[in-house]
Amino acid sequence: MKLQVLVLLMSWFGVLSWVQAEFFTSIGHMTDLIYAEKDLVQSLKEYILVEEAKLSKIKSWASKMEALTSKSSADPEGYLAHPVNAYKLVKRLNTDWPALGDLVLQDSAAGFVANLSMQRQFFPTDEDESGAARALMRLQDTYKLDPDTISRGELPGTKYQAMLSVDDCFGMGRSAYNEGDYYHTVLWMEQVLKQLDAGEEATITKSLVLDYLSYAVFQLGDLHRAVELTRRLLSLDPSHERAGGNLRYFERLLEEEREKTLFNQTEAGLATQENVYERPVDYLPERDVYESLCRGEGVKLTPQRQKKLFCRYHHGNRVPQLLIAPFKEEDEWDSPHIVRYYDVMSDEEIERIKEIAKPKLARATVRDPKTGVLTVASYRVSKSSWLEEDDDPVVARVNRRMQHITGLTVKTAELLQVANYGMGGQYEPHFDFSRSDEHDAFKRLGTGNRVATFLNYMSDVEAGGATVFPDLGAAIWPKKGTAVFWYNLLRSGEGDYRTRHAACPVLVGCKWVSNKWFHERGQEFLRPCGMTEVD
């Protein structure tokens, strides 16, 4: 057991010493948790075997002693008349029973507990659990899934059955409540009640659920339902002090509103007669358009536009390497021109890049527009790493290939960025280029603005994960081995604001991408300036 613990810990230190929580932001990192849990199960089974062996010895001893004492207690003097019986009684009580006591007190769990305690420092944190809950809620909102669908695990493209228990659903609701998200608190606490009413066993009680739910609907402005739910709570637990106080407070507010005759649905906030609540408006103005495109709705690929899209073989302005083996090029959008290239990376190249990128993965950051400092943000949920050509020959090979395809130089481009998206992984609408109010965004690079983006899809995604352009009404779906390319800047050097794009939340699957951002410097003769500002 000790040897196994040591080996297991050494492997964990080797694999996870570079991980800093935030498992939920990368499915690639979460796979390590699968193997960790498997090792813990094996360790637990070994502990159970030791415990069962110990218990078997104790049961055997108990049976033996039961038979012996039944016989001896029937005729104590006659039994002890035999000197051997007398000796064995003394010996048993002086030696054998204390030895049995030592066996019972033997802590066979020490190895497993030590293993668990040591590994626990690498386990997900409270931040991971709340992040994972937020991810499920993000998927719920983006793809219009109700809690019952998620609880039953009825998601498109899934290979494995997975269901949420009552306690799991309660954890979702409590996580939302702790963050002041009363909209999702109501949805998930109602799901908890539904599953409890269906007879599902749980450790939590209806009164606890009603306590959360009544306060959440009150925060959403539905006083009438808050009163109703609080009364239900008190019928289950008449001694609930907070519920009694809340009920008096809610009833007083209702009475005040009746007196003012001002209580109506508008002032009741988000409530409706059917106890359905509107999702609160947030910071993203194009939220509805963005999420519709993620669902494949509202795509503006009209028949007229489709007529302008073609497929062709691309030789990169007669680059010698591509004359021999041109790439298949497909138009995804006409203006701005977005193209997809096929068979850009082989499966072997993809696996090698993932292999060298994984140890370097760190939470992806965004630049704060006010301070210019890189920071993590809830609207970008992924982990990324940056690969240099010296890291592996495959990186240099892929870089050269992107240079040949685009006709742009990689000498002034950024390093190859590899990203792996986590639970509900996304990057909400953003620009790749620096705007006029971000003069110093790429100043340290000294290579100008990001003129173009080359995005490699390194995995298929079972559901979700599209790249969408809200202003265009365009949606591009991941296909392993393909890449999409577009210019972020017009030929005049001005930013093309139509290229604002987003990575939709991954509903089912594990999304890996890599991208190369080409910069202005060095492209002067490869992509000459236009004659007007809109060229």
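The values are calculated or read from the model by the stated rules, or taken from the named source; none is laboratory data. Quick caveat: nothing in here was measured; it's all calculated off a predicted structure. Neighbour counts are summed over all protein chains in view; Cβ atoms, including those assigned to glycine, are modelled from backbone coordinates with ideal geometry. Note: areas computed on protein heavy atoms with side chains; ligands, DNA, RNA excluded. Shrake-Rupley method; radii C 1.70, N 1.55, O 1.52, S 1.80 Å.
Where does the charge balance sit around Tyr457 when Lys and Arg score +1, Asp and Glu -1, over other residues with C-beta under 10 Å from its C-beta?
Result for the neighbourhood of Tyr457: +3.
So, taking all protein chains as they sit and a 1.4 Å probe, how much accessible area belongs to His337, in Å² rounded to tens?
90 Å²
What's the extension gain from Gln306 to Ala362 if we count 0.36 nm per residue and subtract their Cα-Cα distance? Walk me through the numbers before you get to the answer.
Values: separation 56, 0.36 × 56 = 20.16 nm, distance 3.97 nm.
Once the chain is fully extended between Gln306 and Ala362, it gains 16.2 nm.
In nm, give the distance between the simple-model label positions of Gln42 and Ala198, each being 7 Å from the Cα along the Cα-to-Cβ direction.
Each label point is offset 7 Å from its Cα along the Cβ direction, giving 3.6 nm.
With Cβ to Cβ distances under 9 Å as the rule, what net charge do the other residues near Gly448 carry (K, R +1; D, E -1)? Write out the running numbers ahead of the final one.
Working: positive: Arg450, Arg521; negative: Glu520.
Counting the neighbours of Gly448, the net charge comes to +1.
Which whole-number percentage describes the relative contact order of the stretch 378-535, with Cα contacts under 8 Å and a sequence gap of 6 or more?
Values: 339 pairs, mean separation 49.6, N = 158.
About 31 percent, as a whole number.
Which of rounded, prolate, oblate describes the stretch 65-133, given a ≥ b ≥ c as roots of the alpha-carbon gyration tensor eigenvalues and a/c under 1.5 marking rounded, otherwise prolate only if a/b is larger than b/c? Present the calculation step by step, with values, prior to reporting the outcome.
Working: a/c = 9.77, a/b = 4.00, b/c = 2.44.
Prolate, because a/c is 1.5 or more and a/b exceeds b/c.
Of Tyr427, Tyr487, which has the most accessible area with a 1.4 Å probe, and how do the rest follow in descending order? All intermediate terms of the calculation are to be shown ahead of the outcome.
Numbers: Tyr427 40, Tyr487 65 Å².
I get Tyr487, Tyr427, largest accessible area first.
How many percent of the accessible area of the chain is carbon or sulfur, using a 1.4 Å probe?
On the way: 15780 of 28690 Å².
After summing per-atom areas, the C and S share lands at 55 percent.
Given only helices, namely DSSP H runs of n ≥ 4 each adding -39500 (n - 2.57), what is the per-residue ellipticity at 222 nm of the chain, to the nearest 500 deg cm²/dmol? Walk me through the intermediate numbers first.
Details: 18 runs with 238 residues, N = 535.
Mean residue ellipticity at 222 nm (helix-derived): -14000 deg cm²/dmol.
Given a 1.4 angstrom probe, what's the average accessible area per residue across the stretch 120-170, in square angstrom?
Details: 2770 Å² over 51 residues.
Roughly 54 Å² per residue, with all protein chains present.
Counting only the heavy atoms of the protein chains, how much of Glu348 is accessible to a 1.4 Å probe, in Å² to the nearest 10?
130 Å²
Given R₀ = 35 Å, FRET efficiency for Lys88-Leu116 by Cβ-Cβ distance, to 0.05? Provide the component values of the computation, followed by the final result.
Working: r = 43 Å, r/R0 = 1.22.
For R0 = 35 Å, the calculated efficiency reads 0.25.
Hey, can you rank 278-287, 202-211, 32-41, 387-396 by average C-beta count inside 10 Å, highest first?
Values: 278-287: 11.8, 202-211: 17.4, 32-41: 14.0, 387-396: 15.9.
Averaged packing, sorted descending, gives the order 202-211, 387-396, 32-41, 278-287.
In terms of solvent-accessible area of protein heavy atoms at a 1.4 angstrom probe, what is the ranking of Trp61, Trp517, highest value first?
Details: Trp61 45, Trp517 25 Å².
Descending order: Trp61, Trp517.
Angle check, please: helix 126-142 long axis (alpha carbons) against the longest principal axis of the chain (alpha carbons), in degrees 0 to 90, nearest 10.
In the chain, helix 126-142 runs at an angle near 50 degrees to the longest axis.
Quote the accessible area belonging to Tyr497 in square angstrom, nearest 10, computed with a 1.4 Å probe and with ligands, DNA and RNA left uncounted.
110 Å²
At R0 = 60 Å, how high is the FRET efficiency between Asp390 and Asn275 if r is their beta carbon distance? Nearest 0.05 is fine. Kindly include the intermediate steps, with their values, before the conclusion.
Working: r = 61 Å, r/R0 = 1.01.
Computed FRET efficiency for Asp390 and Asn275 comes out at 0.50.
How many nm is it between the label spots at Val299 and Arg318, if each spot is 7 Å from the Cα in line with the beta carbon?
With each label point 7 Å from Cα toward Cβ, the separation is 3.7 nm.
Under the classification rounded if a/c is under 1.5, otherwise prolate if a/b is larger than b/c and oblate if not, where does the chain fall, given a ≥ b ≥ c as square roots of the Cα gyration tensor eigenvalues? Mind showing how you got there, number by number?
Numbers: a/c = 3.14, a/b = 1.53, b/c = 2.05.
Verdict is oblate for the chain.
Quick one: compute the contact order of the chain, relative version, from alpha carbon pairs under 8 angstrom and 6+ residues apart, as a percent. Each step should come with its number before you reach the end.
Numbers: 803 pairs, mean separation 76.1, N = 535.
Once divided by the residue count of the chain, the mean separation gives 14 percent.
Can you flag which of Lys54/Lys88; Lys308/Lys511; Lys307/Lys411 are past 32 Å Cα-Cα? Walk me through the numbers before you get to the answer.
Working: Lys54/Lys88 23 Å; Lys308/Lys511 30 Å; Lys307/Lys411 37 Å.
As for pairs spanning more than 32 Å Cα to Cα, those are Lys307/Lys411.
As a test of reading the structure, rank Ile353, Ile48 by solvent-accessible area (1.4 Å probe, protein chains only), most first.
Details: Ile353 0, Ile48 70 Å².
The ranking, largest first, comes out as Ile48, Ile353.
Just tell me which aspartates and glutamates come within less than 17 Å, Cα to Cα, of Lys360; anything on the same chain fewer than 8 places away is out.
Glu22, Asp32, Glu351, Glu388, Glu389, Asp390, Asp391, Asp392, Glu414
Let me know the volume per residue of the alpha-carbon convex hull for the stretch 449-522, in Å³.
Values: hull volume 6.3 nm³, N = 74.
Cα convex hull per residue, to the nearest whole number: 85 Å³.
Evaluate E = 1/(1 + (r/R0)^6) for Ala463 and Leu33, where r is the Cβ-Cβ distance and R0 equals 22 Å; express this FRET efficiency to the nearest 0.05.
The value I calculate is 0.50.
Sorted from largest down, what three extents in whole angstroms do the Cα atoms of the stretch 131-182 have along their principal axes?
Largest first, the stretch 131-182 extends 33, 24, 17 Å along its Cα principal axes.
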